Amino acid sequence: MVASAFVSYIGAFSLPFREQLVDEKWIKDMIERKMPMTEGVKPLDLLCDVAKVAGWNTEGLPNDTVSVQNGAILTNCTRWPLMIDPQLQGVKWIKNRNVTTQQVPVEGAVDEEGNVTEYTTVSKDMKVVQQTQNRYIDHVELCIENGEAIMIENLGENIDAVLDPVMARAVTRRGRALFLKLGDKEVEYDPKFRLYLQTKLNNPHYKPEIAAQATLMNFMITVVGLEEQLLGMVVDKEREDLGVAKAKIIEDNNNFNIKLKQLEDDLLYSLSNSQGDILDDIALIEGLEESKRTSADIKAKQEIAAVTEVEIATAMESYRPVAIRGALLYFLVDQLWVLSHMYRFAMANFVVMFKKGMDVADVYEEGEEDAPEPTPEGEEAQPMTPAQLNARIERLIDKSCFTVYAFVSQGLFERHKLIFGSQLCFRILGRRGELDAKMFEFLIRCPKMNDLDITENLKDWLGVSEWSAICALKEIQEPINFSSLPSDMDQQAKRFKEWCELERPEDAGMPGEWKKMPEFPKLLIIRCLRTDRMGEALAMFVKKELGAKYVTSVPFNLRRAFPDANAQTPVFFILTPGFDPVPDVELIGKDYGISIEGGTMGLVSLGQGQEPVAEKIVEKASLNGEWGFLQNIHLTAGWTESYLEKRCEALDTGVPPVYVLVLPARLQTFCCACQR
């Protein structure tokens, strides 16, 4: 009962809410009703076993708790799964899971009689379509008839009405055949048909009918899950030996679990099909002995692997601070859309820049402190001392964090860069436990106490709003005691007036004993008395905590940003009226032998009827390693979401390295399109 409810209802929720529902609601209610149940039972114990989870991990499913639960739900649900998957982790697993193989004749391998003498195995990927794709319903129809799996990805909040019979599984039987109405015709339905649905929306609002027809699953990455993934990347970079050893242990354990399950199944099958006296069945007894030996051997290897895994995990934990900072930074970047709808950054891009930051950590400037001594040629690198390891970790944190920060900042409006830097600073301090929650809440909200009269010494220069904020601040008494601040201001009114009227009060010390106040509590007083200086005060605070590079605005430089572009990551210009990026792009193109005159850079201004021209440019550029320049892309939003996005995703490492897309769009129109 618990397992069925788990599969039916729990998939859309986060891990804490799932645990609350199961442990504090469902099981507790069943115990109160005195329903017979196994003590300590968990839904996953009934829905999957270790061998199945091992197989999912091998197919690419992350091994964190949420992902394993989602895997159990997806493989047991009878309704079509609808995945909330902005980071595409579930999509990757489903695609790997539904790769099929088929035997294809080798060209020329034919005997004299025309018979094929040799076959080769060819992998066939599952069909993936989007609702915006032309005639996508034809692919759905073909998969229904052939009993194949298909994924409809990148859904919005509305699902095409023509799919309603498919979603509802409105199948009718005629004789031995099954039929399903799709659009204006009926198609034969193969029971092997599988439909997967996926959306990139973080918080979609679907109609109740969709929730009834599909099983919603939340594949959004968690902080813990991302930390583990980033830790693996860091270890692969810094200690490849540990990464290889851990990967081998995981693979071996997966194979061990699968083998044990197979032995158990084979043993049960042999016992159930044995004829006569079991003791007279020599083959069965020999099989039992072989299974026993194999099982004992596997368990011995698992015990050795468990010890080795603990040693590897201990060594890997040294690099966890780098992964913690990376996860913290990603979830901050993922929330930037709150500032502007166009601030959407893919996790794949974040991972690329995070790895780039780790590579930057290997480059030391001439004369830079803590530069390691080069290892003589032919000699093995010596293990790092604890001090050297700590210095290396600090450098990895600094370089990877700032590389991602700089990449994201170049796409932000100037007015949002300080907000980004401040949020990063506060999150880092919060993670360290150095940020008091009450003080931070006051900094954000700045509450006021009403109906308070200003003293005679202050009323000449202090406003009612400022005095109300100061009186509210005195309620905070830990870790800094502000209770005496109003009385001190009244007694030292002249000195406080001089400080408040300074052009840059954030640079000067405060009057009296308040001069010794740390930087963060000082922000609260500036927030009360000089709100107009909060921007500069925040910039100074971030500069002292993280460094000047986090508050120094660097003008956009196309030549510096261009190396981050590749076949899967186009250069996207968001333009203001009057700016033309073509000359700048042509100037950089000369370094790569690319030019419009030479026919190696296609240029088209998109609009009505120009989509076929743009498609020819993209195809030609991707085949020959050229550049495509698509202007006014905001005018063809539908074409961009369907053809162009799919084409970029389909490109792999086989594309010539010079291939680049340049996509300019007008600012106001692009923002409106993002809001829609």
Work out how much length THR78 to VAL224 would gain on full extension: take 0.36 nm times their residue separation and subtract the Cα-Cα distance, in nm to one decimal. 49.6 nm
Which of the lysines could a cross-linker bridge to LYS522, judged by Cα under 18 Å and excluding same-chain residues fewer than eight apart? LYS438, LYS448, LYS474, LYS497, LYS543, LYS544
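Just to be sure I understand the rule: take each whole DSSP H helix in the chain, project its Cα atoms onto its long axis, keep it if the span is 18 Å or more and its mean Kyte-Doolittle hydropathy is at least 1.0. Which ones pass?
Span-like helices, by this rule, are 320-333.
For the chain, with every protein chain kept in place, what is the accessible area per residue (1.4 Å probe, Å²)? All intermediate terms of the calculation are to be shown ahead of the outcome.
Working: 37830 Å² over 676 residues.
Accessible area per residue: 56 Å².
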So, taking all protein chains as they sit and a 1.4 Å probe, how much accessible area belongs to LEU336, in Å² rounded to tens? 10 Å²
Taking θ as phi - 60°, what are the ³J(HN,Hα) couplings along region 631-643 by the Karplus curve (6.51, -1.76, 1.60), each to the nearest whole Hz, with x for Gly and Pro? 8, 6, 5, 5, 7, 10, 4, x, 5, 5, 6, 8, 5
With a Förster distance of 45 angstrom and the Cβ-Cβ distance between GLU619 and SER8, calculated FRET efficiency to the nearest 0.05 equals 0.50
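Apply the a/c threshold of 1.5 to the C-alpha gyration tensor of region 395-439 and tell me whether it is rounded, prolate or oblate. Display every interim value, and only then the final one.
Working: a/c = 4.70, a/b = 1.34, b/c = 3.51.
In terms of gyration-tensor shape, oblate.
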Which value at 222 nm does the chain reach when only helices count, each DSSP H run of 4 or more adding -39,500 (n - 2.57), with the total divided by all residues and rounded to the nearest 500 deg cm²/dmol? -15000 deg cm²/dmol
From the Cα centre of region 609-635 to that of region 38-74, the distance in Å is 44 Å
Taking a crude spin-label model, label points 7 Å out from Cα along the C-beta direction, the ARG431 to GLU456 distance in nm is 5.5 nm
Between region 476-533 and region 440-460, the alpha-carbon center distance in angstrom: 13 Å
Extension reserve of the LYS124-SER340 stretch, reckoned as 0.36 nm per residue once the Cα distance is removed: 73.7 nm
Can you divide the C-alpha Rg of the chain by 2.2 N^0.38 Å and report the result to two decimal places? 1.20
Cα extents of region 497-581 along the three principal axes, largest first (Å): 60, 29, 17
Roughly speaking, to the nearest percent, how much of the chain's 1.4 Å accessible area is carbon and sulfur? 52 percent
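How much FRET efficiency would the formula 1/(1 + (r/R0)^6) give for GLN102 and CYS648, where r is the Cβ-Cβ distance and R0 is 41 Å, rounded to 0.05?
With R0 = 41 Å, the Cβ-Cβ based efficiency is 0.90.
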Just order 83-92, 488-497 by mean Cβ neighbour count inside 10 Å, highest at the front, would you? 83-92, 488-497
Could you order peptides 175-185, 349-359, 18-28 by the average number of other Cβ atoms within 10 Å of their residues, highest first? 349-359, 18-28, 175-185
Region 481-489 - phi-based ³J(HN,Hα) in whole Hz, Karplus 6.51/-1.76/1.60, Gly and Pro as x: 8, 9, 4, 8, 4, x, 5, 5, 5
Applying the gyration tensor rule to the Cα atoms of region 213-321 (axes a ≥ b ≥ c; rounded if a/c under 1.5, else prolate if a/b exceeds b/c, else oblate), the class is oblate
Could you please state, rounded to a whole Å, how far the C-alpha centre of region 558-578 is from the C-alpha centre of region 163-206? 41 Å
Can you classify region 170-232 as rounded, prolate or oblate using the Cα gyration tensor, where a ≥ b ≥ c are the square roots of its eigenvalues, rounded means a/c under 1.5, and otherwise it's prolate if a/b beats b/c and oblate if not? prolate
Per the rule of 0.36 nm per residue minus the C-alpha distance, extending ALA161 to ALA109 adds in nm 13.9 nm
With the 8 Å Cα cutoff and a minimum separation of six or more residues, the chain has a relative contact order in percent of 9 percent
Accessible area of TYR592, 1.4 Å probe, to the nearest 10 Å²? 110 Å²
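Taking every DSSP beta bridge with both residues inside the chain, roughly what % is antiparallel (nearest 5)? Let's see the in-between values first.
Working: 15 of 44 bridges.
So the antiparallel bridges in the chain amount to around 35 percent.
The values are calculated or read from the model by the stated rules, or taken from the named source; none is laboratory data. Model, not experiment: these values are computed from the prediction. Counting neighbours? That spans all protein chains shown, and the Cβs are built from the backbone with ideal geometry, glycine included. These area figures cover heavy atoms from the full protein model, side chains too; ligands, DNA and RNA do not enter into them. Shrake-Rupley method; radii C 1.70, N 1.55, O 1.52, S 1.80 Å.
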